[in-house]
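> Before I ask anything, let me first share the structure, which is written out below as structure tokens.
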Amino acid sequence: MSANAPEKLTKKQLSADHPTWCPGCGDFAVLASFFKVLEKLQYPQEKIVTIAGIGCSSRFPYFVNSHGLHFIHGRALALATGVSLSRPDLHVFVFGGDGDGFSIGGNHLEHCARKNINLTYVIMDNYVYGLTKKQTSPTSKLGYKSKTDPTGAIDQPVNPMKKLISAGASFVARSHASQVKHMMAMYERAILHPGFSVVETLSECVVFNGGSFDDSNPRKGGVFETIDEEQHDVTDQHAAFAMAEDQYPGKFGVFYQQERPTKNALEQKWIDDSQARLGGEADPKDLLRKRFAVMK
Ligand SMILES: Cc1ncc(C[n+]2csc(CCOP(=O)(O)OP(=O)(O)O)c2C)c(N)n1
Ligand code: SF4
Ligand SMILES: [Mg+2]
């Protein structure tokens, strides 16, 4: 190796603060899998950005030695949209919980998905609000007893796969924090997908929802059933939707993948076309700035 060859990116370099999650929390394995995928992909460290809202899972950026942003509860995707559109050279990753993504951030999720913003979103789904110590979340099962539902949850939970597919996410997958190899494969495919890619990852909150994913964890006597892509055409939206109807715990793997232009590419084309129309002299962004100044 020459003296000037770039140093290999390792887990050691990528690790920042020691994670402060409770011992046994599923989120540790998500972080470890993310590090392993980044070690494989070898993106330049200064091109990596992790963004999160609020929650135990949303502490993620503190633990990654990259650009990082910890933002308002439920607004991580809105901020990440701006980062992705304005800095196409960066690899944008969003991490957060089921509450952050499907509850307070649900509206941003819808629009980020339909616009096909180029970023990767990992939803660390523990079926509970962990940070605030056990409230019912949008994915809590019916009957789940929490501080907000002491006699058991009565609201129909969100079906994450159906929600993401119908919102327009162009890569939708499901994984489990007890299955490191599977998580790594899903994260790598999501990262390499051009557009809005989401991996819902079942990640047990051992303190407030212990044992919740045992039925899909072979080490706890459950069944981890993966999607056979010889049988399932990932480009078939109806088939993906039907698979999302499977009774809990359902299947794990890529449900749906669609190639379609990202907003990043469409917006860049608009900028390039506008510039060409203006003879290449004016920067369309300057024109926009002037226009905004008039509107003030
Ligand atoms: C605007 C706003 N509303 C409510 C809260 C309180 N709050 C913080 S985290 C959280 C839910 C966290 O649950 P989830 O996103 O599932 O993450 P987890 O802690 O389970 O990983 C709530 C309600 C907040 N910080 N800001
Ligand atoms: S409260 Fe639950 S989700 Fe939060 S760190 Fe502890 S085990 Fe993990
Ligand atoms: Mg949660």
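Read the figures in this text as sums done on the coordinates, not as results from a lab. No experiment lies behind these values; they were computed from the predicted model shown. Cβ coordinates were reconstructed from backbone atoms using ideal geometry, including for glycine residues, and neighbour counts include every protein chain displayed.
> Looking at region 17-133, what strands (runs of 3 or more DSSP E) fall wholly within it and have at least 1 residues that are of a type in the set (F, W, Y) and within 16 Å of ligand 1 (Cβ to nearest atom)? Give the steps one after another, and end with the answer.
On the way: elements: 48-52, 67-70, 91-97, 119-125.
In region 17-133, 91-97, 119-125 are the strands (runs of 3 or more DSSP E) which contain 1 or more residues that are of a type in the set (F, W, Y) and within 16 Å of ligand 1 (Cβ to nearest atom).
> What are the residue pairs meeting all of these: first residue in region 22-36, first residue surrounded by fewer than 22 Cβ atoms within 10 Å (Cβ to Cβ), second residue among the charged types (D, E, K, R), Cβ atoms under 7 Å, and 6 or more apart or on different chains?
Cβ pairs passing all conditions: F35/K11.
> Could you run through region 173-228 and say how many residues are free of Cβ contacts under 8 Å to residues at least 40 places away in the same chain and in contact with a Gly (Cβ under 7 Å, 6 or more places away or on another chain)?
3
> If a residue has to be touching a residue at least 60 places away in the same chain (Cβ under 8 Å) and over 20 Å from V199 (Cβ atoms) to count, how many in region 79-106 make the cut?
2
> Further, regarding this structure: For region 231-238, does any single residue satisfy the condition of being hydrophobic (A, V, I, L, M, F, W, C) and within 16 Å of ligand 2 (Cβ to nearest atom)? Before you say what the answer is, go through the steps one by one.
Here is the first cut: in region 231-238, the residues hydrophobic (A, V, I, L, M, F, W, C) are 234.
Those still in the list that are within 16 Å of ligand 2 (Cβ to nearest atom) too: none.
No: region 231-238 contains no residue that is hydrophobic (A, V, I, L, M, F, W, C) and within 16 Å of ligand 2 (Cβ to nearest atom).
> Could I ask something else about it? Please indicate, with yes or no, whether at least one residue in region 185-192 is within 16 Å of ligand 2 (Cβ to nearest atom), under 14 Å from the mean Cα position of the chain (by Cα) and surrounded by 21 or more Cβ atoms within 10 Å (Cβ to Cβ).
To start, the set of residues in region 185-192 that are within 16 Å of ligand 2 (Cβ to nearest atom) comprises none.
No: zero hits.
> May I pose another question? Could you grab me the full set of residues in region 195-228 that are assigned to a loop (DSSP other than H, G, I, E, B) and more than 30 Å from A76 (Cβ to Cβ)? Let's see the steps before the verdict.
First pass over region 195-228, keeping only residues assigned to a loop (DSSP other than H, G, I, E, B): 195, 203-213, 217, 221-225, 227-228.
The answer is G221, G222, V223, E225, D228.
> Confirm whether R219 is closer than 19 Å to V122 by Cα and away from ligand 1 (no atom under 16 Å from the Cβ).
Working: closer than 19 Å to V122 by Cα: no; away from ligand 1 (no atom under 16 Å from the Cβ): yes.
Answer is no for this residue.
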